[in-house]
Each structure stands twice: as C-alpha cells, then as structure tokens.
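The values are calculated or read from the model by the stated rules, or taken from the named source; none is laboratory data. If you're wondering where the values come from, they're calculated on a predicted model, not measured in any experiment. Cβ placement follows ideal geometry from the backbone for every residue including glycine, while neighbour counts extend to all protein chains displayed. Areas reflect the complete protein model, heavy atoms only, side chains present, ligands, DNA and RNA absent. Shrake-Rupley method; radii C 1.70, N 1.55, O 1.52, S 1.80 Å.
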2 protein chains.
Amino acid sequence: MKIRVYATPREVTDEDLRDSTAVVVDVLRASSTIITALENGAREVVPVATPAEAAELASKAGRANTLLGGEREGKMIEGFDLGNSPLEYASDKVSGRSIIFASTNGAPAIVRSKQAEDAIIASFNNHSAAVRFLRSAGRDVSIVCSGRYGKFSLEDFVYAGKLVEGLNGNGGGEVSNDGSLAALELFHRYRSQLPELVRSCLHGRYLAQIGFDSDLNYCARVDSHDSVPILIEGKLRLAKSNGKSR
Amino acid sequence: MKIRVYATPREVTDEDLRDSTAVVVDVLRASSTIITALENGAREVVPVATPAEAAELASKAGRANTLLGGEREGKMIEGFDLGNSPLEYASDKVSGRSIIFASTNGAPAIVRSKQAEDAIIASFNNHSAAVRFLRSAGRDVSIVCSGRYGKFSLEDFVYAGKLVEGLNGNGGGEVSNDGSLAALELFHRYRSQLPELVRSCLHGRYLAQIGFDSDLNYCARVDSHDSVPILIEGKLRLAKSNGKSR
C-alpha cells in the first residue's frame, strides 16, 4: 500500500488518484463539519465547488429537505442555512436532511477527488475509523490536504502525517513521496501539541479572531467520532461498518 | 520583514509576490547550476519555461555566443549543449557565453517570479550570500520552492527552512505563513543530515539512479559559493557585491 501526501489539491493529477483511495483532509473545519453532520443524522452531504453551484442545485432539489451549508472567509454565506462550524450541525437541524455544502477549501478538494477509486473524509476526529477503513480497503492511499486558498496549511499537513503514521506501522503502508515523508516528520514534531498546533496555524488564528474559538478544540480532538464519510456518486454518506464499506 | 514560503510555484499569486523579493529554490539542481555557471564566467543565464522557447530564443540570438542548457527527466535535451549538472558548467565551456536555460522545475519557477520586485536564486551553495542580500534589501521575502513536476519536494522545502532561520534570527525576519513555519521545523529536523536528506528525497534517489550521484554532494554543500544570481529584465546575472545589488 503506497501512501502519498499532496500539500494542496493543485498538486494532484487524475493520474495520481487513479486506482487509489483519496482521503480529503480539511482539519479547520470541513472534515469535522461533514463528519458531525452525518453522525447527527444528515441523509447526505453534497460537496460543490462554489456557492453559486450550491444555490442552483438547491433550487433544483427543492428546499423542503435541503439545507445549504458552507462559508466564505470563514463566515456563513448570505442566503445559506448553516456555516462551516461543526457545532451548528446538531441533530435537530440536520437529521434527515440533504446538505449541499460549499466551503472554500474542503469542498473543492472533495470534488477534485472524484477521480479516485474511492474518496473518504478524515481528520483528527475520526482518525482510527479512517485508518481501519483504509487498511481494509487495501488500495494505495492519496491524502489530499485541502490547504488554504490554494496554499500549504500546517494543520492539514500535520494530520496527513498522523494518518501516514497510522498506516505505516503495522498497516503495511509505504511512505511513497516527499509529501508523505515531510508530513510524517512534522507530525512527530507536533504530536504532543495538537491543540496548540491548531491554535497557532494561520487559519486557526483567523478563526479565533472571528469568533470560532470553540471550534478549534472540537477540530483538534482525536477519535471523538467513529465513522467515515465516503463519496458515492457525488454524495457523502457514512461508510457502512468501518473498513467493510458500502 | 515578512517571510513566506510557498511549497510549489502553483501556490504563488502575483499578489503574493508584489513588493517582495522572491527567492527561487531548486536544490536539485537548477540553483546550483545557475550559481556555478555565473561564477564560472557565463555572461548571463536566461531562464525560459520550455525547451521550444529556448530553441526559438537561441535561433534569434544566434548560436555563436549562446549555449542551450537544461533537462527533461534529469537528462540533457536533444540538440542542447548542456544538461542540468552543475559539474558540466565549467569555465572553459561557459565563460563569456549567454546560456538559455530550460530545466523542468526551476526555470518555470524563475519565470513565474518575475512579478516580484526582485528575484534571486538560492540554495545551500550560496546560503550566507543570499541571507546577506535579503537582509540588505530589507523587503518582505517570498521563498518559492520549485518542487518536482508541480509537487512538494522535501529538499527545496528544507532549504527554505534554513533560509527562514537565517533571516529569522538577528535578521528581523517574521515567520508569516504556515509554509515558513513548517519549513523551519523541517529544517530543524534535518539540519545535521543535509547530505543524507539530499540522497533520501525522491528526486535525489532518481538522480543517483540515472548517474548523477556526484551532483548530490555538490548540491548539498553549504556556502561553497559566495554570490547571488539576480533576475534583471529576464536575465540572471551575479548581484554586484552582496546585498548592495545592481
């Protein structure tokens, strides 16, 4: 099992994704938001690249059972129902609903990863479940860091490193590009300081500034959730029993 | 002085470069090749994005005083005079000549950096000279890692970290994006193992395989050279006396 890490979605080609399981990582905050929404009973999360696309899809689907979620500059988009704070995606709001989701970095990264054989969502929150899924799937793994406005983001890369470590040990994983080696080394540097890391990276500081301080602790928590969102025909749902999939 | 590191040229926007000094880093091997060519008396190195562009420019310039240099897949391009091994750029070959240069990763990164106020070339080879230049210029610094086929490369990022450290200490530099923080941490990890790093990264292993093992030691050497190539009107020449430039 080859493990490759891509520091931003722009690094990834269709060829890189082919025959592999893509893991989309957006620690702050789309990974956590999607995991939370689905665990709280959302029927599906449909990632789209832009707010305009989200609005168009919602007008086709009808608004009865559909919610619009996502952000621009960290804040809820005008006319949307939900932002990108996982804390907003409580059961009473999302249960049974389809959520069309347009975050700035994570959503386009997920759309980008459709070319892979499978695509799942991971972060600190569902780490062990993601490792079990990937070991069981047994394919090569392409870890796609969402980054921030197309640029390297530390929190995504460090989580990618944790995932490399999780697969590398007894999982038979093979560190197969410079990205996976660098991510692993950076994870070793930060492993005992994950909450501090999430507060010191550029996006964490920005989110704290605009009032989402409590999201930071939430997103840095390891294994607070035990399920894996998987993309099937453009829609994210929870994978059926870890590792056995679909 | 703000210091930002970009893991690949694709991360960089014109806005990022504006009013800053760009530092293009291609440890294996374009930085070393360019530094060596200019120290060995080449009149100028003219970076271009593609071999076709190089051939076109050479046919306009006439071949009397012009050499074509560069590589594809690490090897000299058909019809070219020189590859991308710094060891080929000896005085008897390059002295007084203009070199049109088309390497796969470094040359396009340099072309990309034209939007900056200034653009220079750095690597382990001319580290102290680059630090002096940047301190003296006093502008914000945008360190552009050339990467490998558009992807993260460990050796460039680690050198970027060394440069961050050099500017950060008494240089008044400020670590200003996640890239510069991550690069600095990775440099700390590898600082005592630079030759091993250059041998263990993906491109180093590839170059050793295709017969360029001796380039690896050359490119990992710290301060073997004491000058700074600077881009002026599309041509690289040595900056006049370190830090005072032009």
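Treating the protein assembly as shown as a set of equal point scatterers at the Cα positions, no solvent, please give the Debye-formula log₁₀ I(q)/I(0) at q = 0.06, 0.12, 0.13, 0.14 Å⁻¹. Relative scattering, expressed as log10 I(q)/I(0), comes to -0.29, -1.00, -1.12, -1.24.
For the residue pairs A:Lys162/B:Lys2; B:Lys2/B:Lys240; B:Lys2/B:Lys235; B:Lys114/B:Lys151; B:Lys114/B:Lys235; A:Lys114/A:Lys235, the alpha carbons lie more than 18 Å apart in A:Lys162/B:Lys2; B:Lys2/B:Lys240; B:Lys2/B:Lys235; B:Lys114/B:Lys151. Comparing Cα centroids, segment B:119-189 and segment A:38-93 end up 40 angstrom apart. Peptides B:67-75, B:2-10 ranked from most to least packed, by the mean per-residue count of other Cβ atoms within 10 Å: B:2-10, B:67-75.
For chain A, the solvent-accessible area of protein heavy atoms averages 37 Å² per residue (probe radius 1.4 Å; ligands and nucleic acids excluded). The local environment of A:Gln193, defined by Cβ-Cβ distances under 13 Å, has a net charge of +1 under the rule Lys, Arg +1 and Asp, Glu -1. Rg/Rh for segment A:113-235 (Cα atoms only, Rh after Kirkwood) is 0.96. Am I reading the B/A interface right? What is its buried accessible area, both sides, 1.4 Å probe, to the nearest 100 Å²? Adding both sides of the contact gives about 2000 Å².
Over the C-alpha atoms of chain A, the Rg to Rh ratio, Rh being the Kirkwood estimate, stands at 0.94.
The mean count of C-beta atoms from other chains within 10 Å of the C-beta of residues in B:183-193, rounded to a whole number, is 2. Taking the longest Cα principal axis of chain B as reference, the axis of helix B:51-61 is set at about 60 degrees. The long axis of helix A:127-137 is offset from the longest Cα principal axis of chain A by roughly 70 degrees.
Most tightly packed first, judged by the mean number of other beta-carbon atoms within 10 Å of their residues, the peptides B:152-165, A:31-44, B:45-58, B:206-219 read B:152-165, A:31-44, B:45-58, B:206-219.
As a length-normalised measure over Cα pairs under 8 Å and 6 or more apart, the relative contact order of chain B settles at 32 percent.
With Cα atoms as the point set, segment A:43-85 shows a radius of gyration and Dmax of 9.8, 27 Å. Here's how it looks for B:Arg148: its modeled amide H is under 5 Å from those of B:Ser153, which are all 5 or more places away or on a different chain.
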